[in-house]
Structure formats: structure tokens, C-alpha cells
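Structure first, then comments.
The values are calculated or read from the model by the stated rules, or taken from the named source; none is laboratory data. Since the model is a prediction, treat every value here as computed from it, not as a measurement. Heads up, the Cβs are rebuilt from the backbone with ideal geometry, glycines too, and the neighbour counts pull from every protein chain shown.
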Amino acid sequence: MVRQKNRYLLCEIIYMDGKRLKRNLKERDIYCCVRDAVAREHGDYGLATSLKSLSVQAYFHPNIVMIKVSRDSHKMLQSALFFVRKIGQYEAFFNTLHISGTIRTCQKFYVNYLRRELPQLLKECKTPDEEKEVKRAISSCVAVEVT
């Protein structure tokens, strides 16, 4: 028995209006969008090779998803993601942050990405409550207390 080798693409969903609000996107909406993009760009062959292992997992951060696909078809998937301009009912596109061979490596990158991203969110806070929430999130990621 041969082990199935996969690739994991960590992607950020960027909305055209520029807002980072949590949307009503479900994993199923994202999966259908990705599946349709592969079918549109690579036809029946691309769809058949990628569907055998395609899965989408949304993270707690509202704009981050991890897409699992077989190693043989990850380049087809990545090229198809470039042409996505609408996810569900929202005008949006995918920004591929990281590609790895294991979930663990993808998760390590995600933690480091959040450590870099959260201070940027602190600058965008408008109310003291938002600022407290972001500082709490930063403190949970970093060993040093944020003041």
C-alpha cells in the first residue's frame, strides 16, 4: 500500500471592499468555488485529478482557509485559484500564503503569520474595547505581555 501524498495550501481570502469583517462564508461555499475554478480552468481532467483529495478547512480567523489537495495536482489548483474573483456572494479572491507537505508545517506558519499580523490590527482599532481584544489576542500568541 502506498501512502497518499498531499499538499496543503494556506490561503487568505481578501475581499474587494477591503473590510476584514467576518462574512457568512461556509466551508461548503469555498469548496464549491474552488471546485468550479479548477473545472473552468483545467477542464474535466483537472477536476478529476483534484477531486479525489480536495478538501477545505476554514480556520477561526475569518479570512484564512487551508486547502488540501494531492501532490500531483497542487499546481493546477494553485493556478486555478488565481482566477477566482467571487466566493459565495462576495467579491473576493485568494492570496496563497504558504504551501507545505504537512498540516503541522502549515499550522506553524499560520501561528507565525498571526504574530506578525496582530500588531497591524492594533493600529486599525477604533474603540478601546477593540484595542483590548487585540492586545489579549497578541498576548496569547507571544510570551511577552503587551501594554
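Summary of computed values
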quantity: Residue among 49, 96 that alone is in a helix (DSSP H, G or I) and either over 24 Å from residue 133 (Cβ atoms) or modelled with pLDDT of 90 or more (or both); calculated: 49
quantity: Unique match (being of a type in the set (A, V, I, L, M), exposed (fewer than 13 other Cβ atoms within 10 Å of the Cβ) and at pLDDT below 85) among 137, 143; calculated: 143
quantity: Residues (among the polar types (S, T, N, Q), out of contact with any Ser or Thr (no Cβ under 8 Å at 6 or more places or on another chain) and either surrounded by fewer than 17 Cβ atoms within 10 Å (Cβ to Cβ) or modelled with pLDDT of 90 or more (or both)) located in region 63-88; calculated: 79
quantity: Index of the failed condition, residue 84 passing every other in (1) in a strand (DSSP E or B); (2) closer than 27 Å to residue 120 by Cβ; calculated: (1)
quantity: Unmet criterion (only one of (1) part of a loop (DSSP other than H, G, I, E, B); (2) modelled with pLDDT of 90 or more) for residue 17; calculated: (2)
quantity: Among residues of region 73-84, those that are farther than 19 Å from residue 28 by Cβ and touching a residue at least 24 places away in the same chain (Cβ under 8 Å), counted; calculated: 6
quantity: Residue 101, sole failed condition from (1) over 27 Å from residue 133 (Cβ atoms); (2) over 15 Å from the mean Cα position of the chain (by Cα); (3) modelled with pLDDT under 90; calculated: (3)
